[in-house]
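Okay, so here's the structure we're looking at.
Read the figures in this text as sums done on the coordinates, not as results from a lab. None of these values were measured; they are calculated from a predicted model. With ideal geometry, Cβ positions are generated from the backbone for all residues, glycine too; neighbour counts draw on all protein chains shown.
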Amino acid sequence: MKKDLLVIGGGGHAKVVIDLALRSGVWRIAGVLDDAPGATGRAILGCVVLGGTERISDYARPGTAFVIAIGSNAIRERLQTTATAAGLVAVTLIHPSAVLAESVRIGNGAVVMAGAVINSDATIGNGVIVNTGAVVDHDCHLGDYCHLAPGATLCGSVSVGPRTLVGVGASVIPGIAIGSDCVVGAGAAVVSHVTSGTRVVGVPARRANMERASE
Ligand code: JB2
């Protein structure tokens, strides 16, 4: 029998997460919660937005499975922390076409999208997004609520701090440490360590203004 899954967030990322959950054959979408004005009653891939997160206790009992389907690392962290504190259980979703080595350890509420590859002894934190076609090589560590955007590549033994975004198509050479709350710009080639709270762009990647952060 399929199990109920509550999806929190109702934008573009939610479409991908809902497809992933349904594809597993394990989950039935119990509903979507989204705080956007006017979202209630809308359907996303046939799944109805029940209301906003302020009404989470109306829709979920302790033990209810949920996933945060929002790309913003900070919002995903806040909502996963709140829902977990309320007794809900964050589930991890892995697309059947993703390839994960047996020794990979992966946290609660993480999602691994189609075509991603995660190699031996990599550790993936809670609430992480390993997006479509991203590569995480051996011994990498992704801190909680990171987002590895589509096509990003981490070579071996790279560490990425909590809430850091590695942008679409970016590459990171082996052994690099990227701090927390960083942004690595789209297509960047990271060849030296990145201090927490900074944004780097370009080839080779250099420090830039945080205000222009984007995937
Ligand atoms: O506090 C919140 C909240 N803040 C934003 N609570 C709840 N329940 N929902 C919240 N949201 C909702 O997240 C917004 O109402 C909106 O429905 C959704 C964000 O949608 P958007 O399509 O703007 O972004 P996304 O997070 O679904 O997707 C982004 O990240 C993905 C990883 C996009 O950049 C995608 O292109 C990207 N693939």
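Here are the numbers for the structure shown:
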item	result
Fully extended contour minus Cα-Cα distance, from residue 209 to residue 101, at 0.36 nm per residue	35.2 nm
Dipole-positive endmost among 97, 116, 69 within the chain (Cβ charges, Cα centre)	69
Fraction of beta bridges assigned by DSSP in the chain that are antiparallel (%, nearest 5)	10
On Cα atoms only, tilt of 12-23 relative to the major axis of the chain in degrees	70
Longest to shortest principal axis, alpha-carbon extents of the chain, angstrom	49, 39, 28
DSSP bridge orientation in the stretch 3-91 - percent antiparallel, rounded to nearest 5	10
Counted charge near residue 194, where neighbours are those whose Cβ lies closer than 15 Å (Asp, Glu -1; Lys, Arg +1)	+3
Convex hull of the stretch 1-121 built on C-alpha atoms - directionally averaged projected area, nm²	7.7
Burial ranking of peptide ranges 127-136, 56-65, 81-90 (average Cβ count within 10 Å, highest at the top)	127-136, 81-90, 56-65
Whole-number D in µm²/s for the stretch 129-215 (Stokes-Einstein; Kirkwood sum over Cα pairs; 10 °C, 1.306 mPa s)	133
